[in-house]
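One structure below.
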Amino acid sequence: MTDFDLTRRPRRLRGSTHMRDMVRETHLRRDDLIMPVFISHGENIHREIPSMPGIYQHSLDELDRELDALAEAGIHRIILFGIPEQKDPVGSDTFSDEGIIQQALHYIRDRRDDFYLITDVCFCEYTDHGHCGVVTDDGTLDNDATLENLQKQAISHVEAGADMLAPSGMIDGMIGAMRTALDDANRHDVPIMSYAVKYSSAFYGPFRDAVESAPQFGDRRTYQMDPANRREARVEARLDVEEGADMLMVKPALSYLDVIREIRDRFELPLACYNVSGEYSLVKAAAAKGWVDETGVAHEKLLSMKRAGADLILTYFARDLAPHLDA
Ligand code: PBG
């Protein structure tokens, strides 16, 4: 028998495009991506968010421009965020028939059938204090009062045409409260994608510019998770599974790949992650300086989220990256 050399196997398996394509373990596809879309009150608004180049606030009359660009790129799943005309202490725009999200849902539903519409269910963009629910006199978040309003918001969104709801407030019991309200209204068909594991993160900065939702006092650390905690992610995810969530989410994504893997390994439900605004803007800023290749870096980052175990990625890169991906 002649000698053979196993140490040469690794490079044999990388020797050509054919071989690399055959042995690739993870794929990033257009179907994996969900694009956030910011809807503003008013007219003629197509306003670039200064800290998020390439991402705009759109008024309804300007929305088709973005939807056409997304459809052209092959992105048909979007999550809507609203910038309301009026903010108030409870965020009543969120459950008003005339609310900005309700108007957007009707607008899109009436005109096109090529989009799957997810809504972010929260209050921080709609409250004058910028917190994610009802705040008591001493400045803390009133959990139960917030749950009641969440139920109203959920029903209002589905009545206006939302396909799936994504509650992002990290309010205890939010999934159970919403599931009960939906089932009572006979909307067993509407799934809930829970922002189950959401950290109190400095990476949300540009988003808060985008929707003008920075808290006016304090911070969100009494309801969003401590970035230092991983075991707690399992506790949060388990509660949401027990309360009836249909999909789980980890947010942010890139600094939490270990948490994505943890949740993937322990829970069977589909798993999303949110590649948040700060993660996007860092790449954009470096690319604008010519320091990194934007497409290459964005692709590699999103691929790492898939490799960590995410099925779906909410990302501001969706529109621009999609043309480089397979379906
Ligand atoms: C809450 C919400 C936030 C984001 C999505 N939903 C902000 C927050 O918790 O402050 C952040 C998304 C991003 O940074 O891209 N409605």
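The values are calculated or read from the model by the stated rules, or taken from the named source; none is laboratory data. None of the values given here were measured: they were computed from a predicted structure. Neighbour counts are summed over all protein chains in view; Cβ atoms, including those assigned to glycine, are modelled from backbone coordinates with ideal geometry. With ligands, DNA and RNA removed, areas are computed over all heavy atoms of the protein, side chains included. Shrake-Rupley method; radii C 1.70, N 1.55, O 1.52, S 1.80 Å.
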Spacing of the two label points (7 Å from each Cα toward its C-beta) at Arg47 and His324, in nm: 3.0
- request: Report the trypsin sites (Lys or Arg not before Pro) located in the range 216-270 that are in a DSSP loop and have at most 16 other Cβ atoms inside 10 Å of their Cβ, or state none.
  value: Arg221, Arg230
query: What FRET efficiency would be calculated for the residue pair Asn229, Phe4, taking the C-beta separation as r and a Förster radius of 51 Å, to the nearest 0.05?
result: 0.55
- request: Mind scanning Lys284/Lys306; Lys87/Lys301; Lys152/Lys284 and naming the pairs with a C-alpha gap bigger than 30 Å?
  value: Lys87/Lys301; Lys152/Lys284
task: Report, to the nearest 10°, how far helix 257-266 tilts away from the longest principal axis of the Cα atoms in the chain, using its own Cα long axis and a range of 0 to 90°.
output: 90
message: Can you give me the distance in nm between label points at Ala214 and Asp97, each placed 7 Å from the Cα along the Cα-to-Cβ direction?
response: 3.8
field: Gain in span if fully extended, Arg12 to Asp113, counting 0.36 nm per residue against the direct Cα distance
entry: 31.6 nm
task: Would you mind checking the range 194-222 for residues with the amide N under 18 Å from a putative spin-label position 7 Å along Cα→C-beta of Ala286?
output: 202-206
query: How many angstrom lie between the C-alpha centres of the range 55-132 and the range 209-288?
result: 21
field: Cα long-axis angle, helix 294-308 against the chain (0 to 90 degrees, to the nearest 10)
entry: 90
task: Along each of the three principal axes of the Cα atoms of the range 112-232, give the extent in whole Å, ordering the values from largest to smallest.
output: 39, 34, 31
message: So if I place +1 on the C-beta of Lys and Arg and -1 on the C-beta of Asp and Glu, and nothing else carries charge, what would the dipole magnitude of the chain be about its Cα centre? I want it in debye, nearest 20.
response: 1980
- line: When the charge dipole of the chain is computed with +1 on Lys and Arg Cβ and -1 on Asp and Glu Cβ about the Cα centre, the Cα farthest towards its positive end, among Pro206, Gly278, Val292, belongs to Val292
- prompt: Rounded to the nearest 5, what % of the DSSP beta bridges within the chain are antiparallel ones?
  reply: 15
query: Against the longest principal axis of the chain, how steep is helix 277-288, in degrees 0 to 90 to the nearest 10, with axes from Cα atoms?
result: 50
statement: Reported to the nearest 10 Å², Phe217 has, with a 1.4 Å probe, an accessible area equal to 90
- request: Based on the mean of other Cβ atoms within 10 Å per residue, sort peptides 49-55, 166-172 so the most packed one is first.
  value: 166-172, 49-55
message: Sort 302-310, 18-26 by the packing proxy (mean of other Cβ within 10 Å over each peptide's residues), most packed first.
response: 302-310, 18-26
task: With only alpha-carbon atoms counted, please give the Rg and Dmax of the chain, in Å.
output: 20.7, 84
